[in-house]
Amino acid sequence: MRRTSRKKRSTLANRAIAASAALILGGGGLVAVNVYASAGEGPSGSSPPTRTQNAGRQLSTIDCPEAVNGLPEVPDEARGEVDRELAAMDTQITDAYQQFADRKEQIARDPGLAENAVLGPLRSKRTASLDRIGIAIGRAGERPAGLESLAGCSLRADDSRGGNGGGRGDGNGGGDGGQDDGQGQDQGQNQGQDGGQGQDPGQDPGQGQDPGQGEDPGQDQGQGGNGPVAADFVDIQSVQPNADRPRQRRGASRGTFTTDCGRNENGKFNPDNVIVAPGVSNGAHHMHDYIGNQANDAFASDDDLANGATTCRNQGDRSTYYWPVLRLQNGQDENDVDADGGGRDQNVGEIQTPSQVTLKFVGSPVGRVTAMPRFLRIITGDAKAFTNGDANANASWSCTGFEDRQLKDKYPICPEGSQVVRTFAFQNCWDGQNTDSANHRTHVAFAQGNGLCPSGFRAVPQLVQRIVYDVPPGPGFAVDSFPEQLHKPITDHGDFINVFDDRLMNKMVRCINDGRRCR
């Protein structure tokens, strides 16, 4: 992949950035993103927005119920087949989104074309996939009823592009398969972080913005034609401080353990996701940065990971850490411009290597932590939060020098000399039994507001991941995403598989519980 100096990048990006900056800052106001819960996000696949509700709004994406959230517990024997069908359904949405994007102007003139050319064929394909999922589950147990209700999709507008969109989602519907993975996030999400890097998701991260300002929804669609838009950015200096450091109580485990695994200097990328779509090439439809374990691709088994090489300085850590790449929207093509996960999935622009990556494990504010099981899988954030709703969206965006100001649904515009910061705080409670779950969420949870884990869960070291980028000032960047998620900042997410050896994991636990700082 191409790598350029900041000076050269800045020259390449200035013209593209200037137009966007004028849109965002013009009129003295800033735009607040309205992220609302999808009408079809719940397990029952409730009714999509009607044509009347969408009247006068430029339709921008395809909104489908998240099928995994409507499934019962999936038997282990059926897990592989179900995961493959769920990945196939993601591909179906990607293909349908491309059909919609190619015919957007025609659909605007003839709304009936959307049903005939896009939504109808997509519903048929989803119905067939859901039927195969039901058969697979039925072979090992009771076949679930009503899956066909998850087949229907709708077109929806991107409300961040005007000032008049629907209300903000309340976070109660979005994709946790029955468990609110956002529980306790208002205090528990970023427990124990030095310097208060985490945000308070219960507070409006867009405070200080003028929600009445919008831009022409036809402008600024990003280099790939599907975002980001100018309204996805905000000047960090206009945001009020909103990050509080959680109070630690008596008996807290105050230590930290930091592992150094580099910044992906060696350029390991792929669009797979071995957690969500094992055995499926391009299961993510966007490119990931990988650090740590170098054996990670869609086909990696636990044995492959256990024996894989690692970029971590301490060879006892063969864990895998990955996240969507960040790209400059500067008109420059990457080597993946014609590849899956790259240009074929509308992810274009120059991939940026982080200037700094910090991987820190912290303790519980109320007690001791216990060891994570080897091969524990954790996903934090939601790659489909734009359509699912924000219940599981918990990545934070900020700028160096301003990390008391955290954003969840905006990219920051940082001043000259300040760098963009992404922060992920992973779930810090484990159910004591499972290293994964059918929806990849319910085996872990965030601590509750009082710092305690939910009933039946135990506290484990919490991974806090901080990624810094030296990019030109302005709104000319975005993370990779599923095409229909429009490169929204709220879709940012991180993935982790624990492959610490027992000796090093036990050292981590002792260090955290003893209140020491270790590496």
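Listed by first and then second residue, the pairs linking a residue in segment 279-301 that is hydrophobic (A, V, I, L, M, F, W, C) to a residue that is part of a strand (DSSP E or B), with Cβ atoms under 6 Å apart and 6 or more places separating them unless they lie on different chains, are M287/F269; I291/Y321.
Within segment 373-390, the set of residues being crowded, with 24+ Cβ neighbours inside 10 Å and either farther than 15 Å from F424 by Cβ or acidic (D, E) (or both) comprises D382, K384, F386, T387, N388, G389, D390.
If the condition is being open to solvent by 60 Å² or more (accessible area, probe 1.4 Å) and at pLDDT below 85, then segment 224-249 contributes D244, R245, R247, Q248, R249. Taken together, the residues in segment 236-279 that are closer than 17 Å to P324 by Cβ and in a loop (DSSP other than H, G, I, E, B) amount to 11. Taken together, the residues in segment 250-266 that are open to solvent by less than 30 Å² (accessible area, probe 1.4 Å) and of a type outside the set (A, V, I, L, M, F, W, C) amount to 7. Among the conditions (1) open to solvent by less than 20 Å² (accessible area, probe 1.4 Å); (2) closer than 25 Å to I497 by Cβ; (3) touching a Leu at 6+ places or on another chain (Cβ under 7 Å), the only one that N330 does not satisfy is (2).
Check R132, R126, R139, R84 and return the single one that is buried (at least 22 other Cβ atoms within 10 Å of the Cβ), at negative phi and either part of a helix (DSSP H, G or I) or in contact (Cβ under 8 Å) with a residue 60 or more places away in the chain (or both). Working first, answer last.
Values: R132 fails: buried (at least 22 other Cβ atoms within 10 Å of the Cβ); R139 fails: buried (at least 22 other Cβ atoms within 10 Å of the Cβ); R84 fails: buried (at least 22 other Cβ atoms within 10 Å of the Cβ).
From the options R132, R126, R139, R84, the qualifying one is R126.
Would you mind stating whether V280 is open to solvent by less than 10 Å² (accessible area, probe 1.4 Å) and of a type in the set (A, V, I, L, M, F, W, C)? For V280, the condition - open to solvent by less than 10 Å² (accessible area, probe 1.4 Å) and of a type in the set (A, V, I, L, M, F, W, C) - is not met. When segment 236-262 is filtered for residues that are of a type in the set (V, I, T) and under 22 Å from R510 (Cα atoms), the ones remaining, listed by number, are T256, T258, T259. Within segment 311-344, the only residue that satisfies the criterion of being free of Cβ contacts under 8 Å to residues at least 12 places away in the same chain and acidic (D, E) is D338.
The values are calculated or read from the model by the stated rules, or taken from the named source; none is laboratory data. Keep in mind it's a predicted model, so treat the numbers as computed, not measured. Virtual Cβ from ideal backbone geometry, glycine too; neighbours counted across all protein chains shown. Accessible surface is based on the protein model in full, side chains and every heavy atom, while ligands, DNA and RNA are left aside. Shrake-Rupley method; radii C 1.70, N 1.55, O 1.52, S 1.80 Å.
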